[in-house]
Amino acid sequence: MASLASHPIGAITLFDEGYDVGFTCAAVNACYCKQHGYGFHAAVLTRKEMEVVCKGRHFAWAKVALLRWLFADDADATTSIGSEIAEILLARIGTKARSELATSQWIVWLDADLMVTNHTKPLTAFLGSGAKDLVLGEDMADLDWLNTGLVACRTSSSWCRSLWSRVWDEGSPDFHQGEFWDQSGLCGCLYHWGEFQPTVVGGKRTDAPSPETPWFSWQGGPQIKETHHLRVLSSGHLQNNNPRFAQFAFHAAGMKDKSRCCRFVISSGALQGLHVFNDSAYNCPSLRTQVFREALDRVRSSAQIPYLWGWPRARRYVWSREVAIPCLGARGSATEQDRCAPLICSAVVPEHLSFQNLSEGRYGELLVDVHDRAPVYVDDAPPACRPFGFGSRVRLWEMIDYAMGHPPSQHAVLREMDSERLWRTRWNPWQDNSFGASPSKDMPFPKWVGFDIGNLPVPSSSILEIAPPGAVTRMHQPLRGDAGWLIWQLEGVQQIALVSTVPRHIQAAACEEFTLLGSHQSRYDPWDDPNAEVYTAVLCKGEALLVPAGWFFTARTLQPSMCLAGAVNERMSTPAPAKTPVGSSRQAAVRLLQDLDSQGFKKNVLGIGRQGSPPRVQRFNAVCHVEIYRGLKGDMVRSTRADDAPQVLHLGADSSLGKIDQL
């Protein structure tokens with residue numbers, strides 16, 4: 001066994017020699033621990049030894065027996081649990097291994113039916129600041145608040161050193177053989193000690209009042225929950241019994257044929273970043289068996305299987321007449337001439353703007369707007385399935401999980417991972433928008449650490465876009481006027497395509513067919529035109545693209561992506577002047593504004609428009625121009641007439657409505 005003295009983490013598992021799935025999971029977990037430099041030990045007992053260690057309790061209690069022995073002082077190890085049990089455990093683990101486990105910073109227990117599926121992520125990513133004594137996950141069902149399939153114990157904690165002896169001694173006898181054994185015993189003890197107030201223990205209601213917010217993340221509760229001693233993670237982030245939603249570990253809890261389930265997970269390419277070493281690297285004494293070597297061979301044969309779970313792989317598109325967007329190079333600033341053509345420069349990514357920090361930090365629980373297309377065209381047909389609109393609202397951490405290919409298990413919109421309907425955010429956390437996403441007033445606007453590009457993006461016009469692989473941003477001008485546009489890649493990879501002008505014959509045909517697009521929008525799709533003449537670049541983390549004023553751009557994500565986009569340059573964008581309001585509209589608006597002081601709501605029924613025949617569009621849409629006035633004098637602050645495109649309102653999904661013939 002590799003020495004644990006220099007390892008911050010020592011992992012351990014225990015099972016009886018007839019538990020076939022234990023060898024399968026041990027083979028996978030041994031590979032994971034070896035790759036990250038963690039100590040790993042598996043104690044394999046005979047059935048008779050398990051009966052002695054558990055003292056008539058369900059074999060799941062062997063976990064508690066082992067942990068209380070590991071945390072006991074050398075002088076008390078034999079007397080506290082009994083000489084016979086101590087001799088069995090010492091024979092299977094060894095004095096050196098026990099000492100090295102006890103001197104590691106964390107002891108991590110792994111259930112024998114649990115296997116790590118994401119070998120690229122270290123265990124330290126789940127420990128937070130390391131201030132809590134016990135790190136584990138919420139349960140996958142609402143029968144206990146905690147799941148003990150994977151438990152990290154801080155060895156320097158005096159609370160942890162006494163915890164497992166207390167659970168063994170004070171755990172309810174109802175759970176010695178009754179479900180859910182040691183897990184329910186631990187939850188019951190923590191409840192009686194006042195650590196938390198679960199409403200259910202072992203599938204039975206307690207006297208605790210219902211919390212103001214749900215406990216389980218999959219029922220709308222927070223992703224991370226902390227008590228005085230506990231750090232509790234969502235089931236999807238730490239362990240889950242559905243490999244589709246398991247971001248780190250698959251736990252075959254509740255499965256009738258656990259061996260078959262685990263072998264399927266291995267053979268289906270669900271082990272991400274797997275690396276199998278030579279047999280000599282796994283020198284744990286209890287695993288020097290033919291059964292373990294056969295399990296390791298099965299794992300080794302799966303190492304060549306590409307990771308097939310998550311999103312389909314998106315590849316770079318190549319045009320025969322494409323032009324590469326140049327990099328700024330070693331120069332320290334972009335000249336005025338540079339800003340007339342697209343260019344790429346390097347920019348240091350702020351630490352707080354990463355998937356992990358946004359997901360697990362204070363902003364993770366914020367509600368953000370998501371859309372299934374960008375930008376939305378007025379004549380887009382409403383979706384035929386739920387949700388029937390183009391947008392929805394989700395928590396930020398749920399959207400990040402979705403983009404990474406691990407959707408929240410119970411979310412009605414994101415869990416389906418429909419590659420034909422990809423959702424993305426267009427979130428401005430620096431703007432208080434009462435009609436949009438929850439504001440994050442204290443999020444610092446990122447400091448630009450890169451080449452001099454003139455004026456930087458302004459918070460009020462900047463957006464954070466998070467999108468999964470394959471998501472396409474349609475061809476459009478992000479701004480009108482003299483301002484350029486900056487796309488700063490913070491995570492992942494996306495491919496950008498730019499054109500200074502949309503080809504005339506395509507734009508002319510589009511104008512004839514579609515009368516509802518704004519002047520800044522285009523139906524032209526270069527991703528469907530192999531002969532397109534475009535400027536293109538693959539934008540990676542830490543790179544920023546300057547889009548000149550007036551250029552059209554489209555983008556397609558290749559890997560889970562997060563970028564910040566906003567207006568730049570000295571000649572900042574100014575809103576397009578509103579056209580002269582229609583006289584009758586202004587008169588109606590002034591009358592309503594003057595009547596605001598009176599009591600009651602005011603309603604004004606609009607008549608049919610008088611500006612020619614209305615366009616025929618897909619059903620369910622009401623299409624009209626909108627003007628917004630402010631103050632008793634009726635000063636216009638916005639008009640869709642200045643945009644050349646009206647606004648669309650969705651009336652519902654009643655197919656009997658047919659097409660709209662009159663407005």
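The values are calculated or read from the model by the stated rules, or taken from the named source; none is laboratory data. Note that the coordinates shown come from a computational prediction; the quantities given were computed from them, not determined experimentally. Reconstructed Cβ throughout: ideal geometry from the backbone, glycine too, with neighbour counts over all protein chains shown. The area values use the complete protein model at the heavy-atom level, side chains included, leaving out ligands, DNA and RNA. Shrake-Rupley method; radii C 1.70, N 1.55, O 1.52, S 1.80 Å.
Here are some notes:
- The amide H of residue 43, built 1.01 Å from its N in the peptide plane, has 13, 14, 15 as neighbours under 5 Å, considering only residues 5 or more places off or on other chains.
- For peptides 517-525, 410-418, 65-73, sequence by mean Cβ density within 10 Å, most packed first: 65-73, 517-525, 410-418
- Remark on residue 195: its backbone amide H falls under 5 Å from none of the residues 5 or more positions apart or on other chains, H modelled at 1.01 Å from N.
- Between the amide H of residue 323 and those of 534, 535, 536, distances stay under 5 Å, these residues lying 5 or more places away or on another chain, with hydrogens modeled in the peptide plane.
- Note, ³J(HN,Hα) from phi for segment 85-94, Karplus 6.51, -1.76, 1.60, rounded to Hz, x at Gly and Pro: 5, 4, 5, 5, 5, 5, 5, 7, 10, x
- From phi via Karplus (6.51, -1.76, 1.60), per-residue ³J(HN,Hα) for segment 321-328 in Hz, x at Gly/Pro: 10, 6, 10, 6, 6, x, 8, 5
- Residue-wise HN-Hα couplings along segment 390-406, as the Karplus relation 6.51 cos²θ - 1.76 cosθ + 1.60 with θ = phi - 60° gives them from phi, are 8, x, 7, 10, 9, 6, 4, 5, 5, 5, 5, 4, 4, 4, 7, x, 10 Hz; Gly and Pro carry x.
- At most 13 other Cβ within 10 Å, DSSP loop - chymotrypsin sites (Phe, Trp or Tyr not before Pro), segment 255-301: 277
- Charge tally in the Cβ shell below 12 Å around residue 563, where Lys, Arg are +1 and Asp, Glu are -1, residue 563 excluded: 0
- The Cα atoms of segment 526-572 give a gyration tensor whose axes a ≥ b ≥ c have a/c of 1.5 or more with a/b no greater than b/c, which makes the shape oblate.
- Set 132/541; 63/225; 34/225; 132/204; 55/225; 48/132 screened for pairs whose C-alpha atoms are more than 26 Å apart: 132/541; 34/225; 132/204; 55/225; 48/132
- Residue 143 accessible area, assembled protein chains, probe 1.4 Å, Å²: 60
- A DSSP coil position with no more than 11 other Cβ atoms inside 10 Å describes the following trypsin sites (Lys or Arg not before Pro) in segment 187-277: 256.
- Rounded to the nearest 10 Å², the accessible area of residue 321 at probe 1.4 Å: 130
- Per residue accessible area in Å² of segment 53-189, where ligands, DNA and RNA are left out and the probe is 1.4 Å: 35
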